[in-house]
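Next up is a structure, given as structure tokens.
Derivation of every value follows stated rules applied to the coordinates shown; laboratory data play no part. As the structure is a prediction and not an experimental result, all values here were calculated from the model. As a convention, Cβ positions derive from the backbone with ideal geometry for all residues, glycine included, and neighbour counts pool all protein chains shown.
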Amino acid sequence: MDLKPSVHAGNLVSLTRHADSLEGRFLPRWAGFMAIRDEDSAPETIVPTVDLDEGTRSTTRLDPLPWSSLVPWFLVQAAMPGTVAFGYRGDTAVFSTDDGSWAAISLKPGEADEREARQGGPVRIWDEFEAAQRTWDELGRPNWDRLGLTVTPDGRHRVWLDAPASGIGWDLS
């Protein structure tokens, strides 16, 4: 199964059906199926129409491109209020969600390899990504082969580290 809650956020997972659940591990290396659209039209713009000069300003040393940190980008989806859209506005990477949350991160690092970050809305997208990155680092930067998924009859999707009962996991919405 190709599990991607947002663009570039996920991997293929091999699931086995049990009596009342599905469970399995992610492939050891990133892979995915080609994304398709269910309509015969281009998707709406994914860059929010907000003023990217507004919002809370900070700096970051993290690369703003989701594919530069695939596992943390996937794990942060558990904290997001729905699908995270990704696009560009000039030399800025822009992330947004349907609830009006957004983050704009400069693609060009400045002094000390820091990039300007701005964000607004109910969820601080970039703060959540930095927290996911820290957690991933603290866990020893596990690769896909240490992650698994359990899907229960009530629709719960629980991603776990090493084993379903490890106590380390993330619930995807």
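Rg/Rh for the chain to two decimals, with Rh computed the Kirkwood way over all alpha-carbon pairs.
A ratio of 0.99.
Ignoring trypsin sites (Lys or Arg not before Pro) that are buried or in helix or strand per DSSP, and keeping those with at most 11 other beta carbon atoms within 10 Å, what is the longest stretch of the chain between them?
So the longest stretch without any such site is 62-173.
While we're looking at this one, here's another question. Within the chain, what's the longest stretch lacking GluC sites (Glu not before Pro) that sit in DSSP loops with no more than 12 other Cβ atoms inside 10 Å?
55-173
Right, next: Taking the dipole about the Cα centre of the chain, with the C-beta of Lys and Arg at +1 and of Asp and Glu at -1, give me whichever of Ala132, Phe26, Phe95 is farthest to the positive side.
So the residue furthest toward the plus end is Phe26.
Give me the orientation-averaged projected area of the Cα convex hull of the range 119-166, in nm², one decimal.
4.7
Going highest first, how would you order 78-87, 164-173 by mean Cβ packing within 10 Å?
Those peptides, ordered most packed to least, come out 78-87, 164-173.
Related question: In the chain, with Lys and Arg counted as +1 and Asp and Glu as -1 at Cβ, which of these residues, Leu147, Phe74, Val84, has the Cα nearest the positive end of the dipole, that is, farthest along it?
Value computed over the given set: Leu147.
Once every DSSP H run of n ≥ 4 in the chain is given -39500 (n - 2.57) and the sum is divided by its residues, what mean residue ellipticity at 222 nm do you get, rounded to the nearest 500 deg cm²/dmol?
Roughly -3500 deg cm²/dmol at 222 nm, from the helical runs in the chain.
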